[in-house]
Amino acid sequence: MPRVRGAVVAGYDTRGGAPRWRYARAGHRPVVVLPARAEAITLWDDGLLTATDGRTVRWHRALPDAAEWLPAHGGAGVLRPLGHGILAVVTPRRVAAYRTADGDLRWTLPARDGCAFRPGGALRRGPALLLAQPCPDTAWTGQLVALDDLGRITPGRTPLGSAPPFLRPGHRDAGNSLAPPR
């Protein structure tokens, strides 16, 4: 189980609590650590996101514009597991989703013009993450965004928009997944 200890992320044995590994970056401090299998996904004070097992860094990603907001924010609510091995990284300007196995960027969602996401203002409801996006002069219903591992939840959404036409809702053969288009 990984934990932050000062400027170090350390992994501990779940049975006896003995230290198993340590990982540090010279001149930087971990802000948030998220356990992931035998690894730790860590957000650092400079906005770098790393996945490590203590021996190697499996992947790393830099958060855009992190220097502007991260020091005052403290990282609360920034790392949000979405399910199916997908991690959402919520910043005021955008949500980016990464595959935890290899750090592959799966999708991004920018905040609407004049609005900002509130990383700490999120709530889980089943598989959905409800995220606050306060906007001036907007009804409260327009200030919530529902997300899951495939991105923004909208009526009639097709996973990543990449299903063949005959599998899309509303198509005359949508009930038969083996039917070719006519």
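Stretched out straight at 0.36 nm per residue, the stretch from Arg94 to Asp65 would grow longer than its current Cα-Cα span by 9.4 nm. A simple count of charges around Asp65, restricted to other residues whose Cβ falls under 14 Å of its Cβ and scoring Lys, Arg +1 and Asp, Glu -1, yields +1. Taking the 1.4 Å solvent-accessible surface of the chain as the whole, the part contributed by carbon and sulfur is 54%. Full extension of the chain between Trp107 and Ala7 yields a length gain of 32.9 nm, computed as 0.36 nm times the residue separation minus the alpha carbon distance.
Here the chain is assigned +1 on the Cβ of each Lys and Arg and -1 on the Cβ of each Asp and Glu. Its dipole about the Cα centre then comes out at about 400 debye.
The values are calculated or read from the model by the stated rules, or taken from the named source; none is laboratory data. All values reported here derive from a predicted model rather than from experimental measurement. Cβ sites come from the backbone with ideal geometry, for glycine too, and all protein chains shown count toward neighbours. Remember, those area values only see protein heavy atoms, side chains included, never the ligands or the DNA or RNA. Shrake-Rupley method; radii C 1.70, N 1.55, O 1.52, S 1.80 Å.
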